[in-house]
Amino acid sequence: MEARSPALDGPVVQVRGLRKAFGSNLVLNGFDLDLRRGENLMVLGKSGSGKSVLIKCIVRLLQPDAGSIAVLGQDVLALDQEALDRLRVRIGFLFQSSALYDSMTVQENLEFPLRRHWIARDPKEKETLVEEVLSAVGLPQTRKLYPSELSGGMKRRIGLARTLILKPEIVLYDEPTTGLDPVTGKEIVELILKLQTAYNTSSIIISHDLNVAKLAANRIIVLHEGRNHVEGGYDDLRASTDPVVRSFFIFM
Amino acid sequence: MERRMTNGTTPPDHDGYIAAMPSRSFLLVTGLLRDVGELTAFAGRFFRQAVHARFEWREFMRQCFINGTLTLPLVGITAFIMGLVLTVQSRPTVERFGATSMLPAMVAISVVREIAPVITAIIGAGKIGSSMGAELGSMKVTEQIDAMEVSGTNPFRYLVVTRVWSTTLMIPVLVVLSDAIAIWATWIGVNIKDDVSWDLFYRQVFESLEFSDFLPAFIKCYFFGFAIGIVGCYRGYTTEKGTEGVGQAAHSAVVTGSLLIFIMDLVAVQVTDLLGLN
């Protein structure tokens with residue numbers, strides 16, 4: 001499958017000089033990033049390299065020590081709580097663990113963000129939206145099930161549906177294929193690409209999975225020692241002689 | 001020089017352990033103070049968000065059902081046993097003074113003033129506090145709280161404020177029901193050996209019970225309920241270290257909650273004494 005070409009536009013996410021340390025452990029040390037509208041940008045890095053920290057800083061789940069983050073033209077670090085909540089509705093976040101609310105059914109999981117933001121007050125409208133996203137992820141029959149009754153791949157799909165129900169402009173994917181078998185992983189990547197076209201989103205995918213890089217990424221940034229190490233397309237990285245980049249292709 | 005025992009082994013290092021005791025005690029005290037400080041800050045955050053235009057009524061009602069209605073069977077059974085056992089065990093003592101007619105009043109006053117509030121609150125700390133610690137703890141380590149936050153929902157208002165309000169309001173209700181059940185069990189206990197009609201028993205109990213027996217006990221129940229909710233939520237909401245942390249959160253919610261209930265009870269008895277209500 002071919003990765004989709006980005007419609008070039010101004011950056012929807014701009015990160016400059018991001019620094020974040022946990023005690024004496026400096027995780028991000030001056031990281032820069034630009035996400036263009038419609039683009040699939042992948043941040044490739046080893047486990048523990050600070051990839052998750054990066055996207056958690058973008059939605060301000062973590063407060064960076066230094067640097068600037070602008071999302072859809074707004075300075076994320078300067079927003080008050082209410083403005084931040086309004087911005088967060090425009091950013092989807094797919095967690096590695098899917099993070100479905102396990103005391104709620106699939107339907108309640110999907111309705112939860114709608115109810116909070118007074119989107120679709122009418123029950124019928126809510127029902128239509130739930131049906132729409134469940135069909136989009138190919139699981140229309142699961143609405144009455146609890147997360148504990150779903151497989152890992154199904155949870156990831158429902159997580160994706162919950163992310164998309166608010167119709168975000170940007171989606172951040174935290175290791176979307178980790179913990180899944182290669183076949184299900186490929187299905188998830190294909191689904192991400194299909195939904196990106198359908199919902200017209202821009203994405204940052206963080207992963208160490210080169211299959212994701214090959215299938216989904218328009219551009220890849222290698223995060224190493226908290227900084228941008230190398231940037232390019234999948235083929236550029238594959239041809240690279242840089243030892244850090246080569247280390248990702250060790251099993252390819 | 002290294003000490004050797006007659007069998008050639010090294011003796012346990014008691015000296016080293018004793019030498020390290022001041023620093024261990026220091027760490028224990030600073031850890032305790034930090035915990036108290038963080039819990040106070042957490043309670044302060046609750047009060048700042050406790051009343052808000054976007055109050056989560058639906059979740060609050062759900063929590064009232066879980067913490068009130070679903071806790072009632074356990075509290076009811078305990079109250080029944082408590083009333084019955086207390087009556088049967090107190091009988092020999094009052095019999096010695098020929099004061100068996102005082103038995104209903106004596107047990108009822110003990111139940112209303114002290115036993116029902118404290119036992120109900122301890123059961124609440126065990127059942128409600130531990131489940132809050134475990135539920136919020138597991139939500140924290142599986143990123144469900146983060147997911148709520150990134151979807152633009154205030155997780156503190158949704159999870160903590162609703163739970164703390166529900167325990168604060170439900171524990172006093174449970175205590176009143178517990179009072180009633182324990183008094184009814186006392187009547188059964190009295191009738192094991194005597195033959196006392198409900199009307200006579202009722203008169204004996206309510207002629208001796210005064211409003212000043214009931215009111216301070218009822219007021220302290222709000223504080224007990226608040227302590228159970230805030231400690232359970234604090235432990236769960238600040239869980240770290242994965243599944244091990246979830247277990248620790250549930251455990252420490254019970255221990256800290258129970259301890260706080262006893263400390264509050266101690267303060268309450270001093271306050272009522274100062275106010276001349278004892």
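What follows draws every value from the coordinates through simple rules; no lab data is involved. Computed from a prediction, not measured in an experiment: that's the story for all the values here. Glycine also receives a Cβ, built like all others from the backbone with ideal geometry; neighbour counts cover every protein chain displayed.
Farthest toward the positive end of the dipole of the protein assembly as shown, out of A:Val189, B:Thr87, B:Ala108, is the Cα of A:Val189, where the dipole comes from beta carbon charges about the Cα centre. Given an 8 Å cut-off on Cα distances and at least 6 residues of separation, report the relative contact order of chain B as a percent. Relative contact order, chain B: 29 percent.
For chain A, adding -39500 (n - 2.57) for each run of n ≥ 4 DSSP H residues and dividing by the number of residues yields -10500 deg cm²/dmol at 222 nm. Per residue, the convex hull spanned by the alpha carbons of the stretch A:49-208 comes to 119 Å³. Charges were assigned to the Cβ only: +1 to each Lys and Arg, -1 to each Asp and Glu. The resulting dipole of the stretch B:196-278 about its Cα centre is roughly 300 debye. Of all DSSP-defined beta bridges confined to the protein assembly as shown, some 55% are antiparallel rather than parallel. Between the helical axis of A:182-199 and the longest alpha-carbon principal axis of chain A there is an angle of about 70 degrees. Computed 3J(HN,Hα) for the stretch A:230-245, one whole-Hz value per residue from the Karplus formula 6.51 cos²θ - 1.76 cosθ + 1.60 where θ = phi - 60°, is 9, 9, x, x, 4, 5, 4, 5, 4, 8, 5, 9, 4, x, 5, 5, glycine and proline marked x. Scattering from the protein assembly as shown was approximated by placing one identical point on each alpha carbon and applying the Debye formula without solvent; log10 I(q)/I(0) at 0.06, 0.08 1/Å stands at -0.43, -0.68. Across the alpha-carbon set of the stretch A:134-213, the Rg to Rh ratio works out to 0.94, Rh being the Kirkwood radius. Rounded to the nearest 10 degrees, the inclination of helix A:123-136 to the longest alpha-carbon principal axis of chain A is 50 degrees. Averaged over the residues of peptide B:152-158, the number of Cβ atoms from other protein chains lying within 10 Å of each residue's Cβ is 4. Dipole size of the protein assembly as shown about its Cα centre, with +1 on Lys/Arg Cβ and -1 on Asp/Glu Cβ: approximately 620 debye, rounded to the nearest 20. Axis angle, to the nearest 10 degrees, between helix A:106-116 and the longest C-alpha principal axis of chain A: 80 degrees. Taking amide H atoms as placed 1.01 Å from N in the peptide plane, the amide H of A:Val43 lies under 5 Å from those of A:Ile205, A:Ile206, A:Ser207, A:Ile221, each 5 or more residues away in sequence or on another chain.
Taken over chain B, the percentage of Cα pairs per 5 Å bin, counting from 0 up to the bin with the maximum distance, is 1, 6, 10, 13, 14, 12, 10, 8, 7, 6, 5, 3, 2, 1, 0, 0, 0.
Taking amide H as placed 1.01 Å from N in the peptide plane, the amide H of A:Gly92 sits under 5 Å from that of A:Glu169, A:Ile170, A:Val171, A:Leu172, each at least 5 places away or on another chain. Put +1 on the Cβ of every Lys and Arg and -1 on every Asp and Glu Cβ in chain A; which of A:Leu110, A:Val137, A:Leu44 then has its Cα farthest towards the positive end of the dipole? Working it through, the farthest residue towards the positive pole turns out to be A:Leu110. Residues B:Asp195, A:Asp65, A:Asp242, ranked from the fewest to the most other C-beta atoms within 10 Å, line up as B:Asp195, A:Asp242, A:Asp65.
From helices alone, chain B scores -26000 deg cm²/dmol at 222 nm; the rule is -39500 (n - 2.57) for each run of n ≥ 4 DSSP H residues, then divide by the residue total. In this structure, the amide hydrogen of A:Asp65, modeled 1.01 Å from its nitrogen in the peptide plane, lies closer than 5 angstrom to those of A:Arg19, A:Lys20, A:Ala21, counting only residues at least 5 positions away or on a different chain. In µm²/s, what is D for the stretch A:6-142 at 4 °C and 1.567 mPa s, where D = kT/(6 pi eta Rh) by Stokes-Einstein and Rh is the Kirkwood radius from Cα pairs? The estimated diffusion coefficient comes to 75 µm²/s.
About its Cα centre, chain A has a charge dipole of approximately 160 debye under the convention of +1 per Lys or Arg Cβ and -1 per Asp or Glu Cβ, with nothing else charged. Helix hunt in chain B: which complete DSSP H runs extend at least 30 Å axially by C-alpha with mean Kyte-Doolittle at least 0.5? Span-like helices in chain B: B:72-96, B:162-193, B:211-237, B:242-274.
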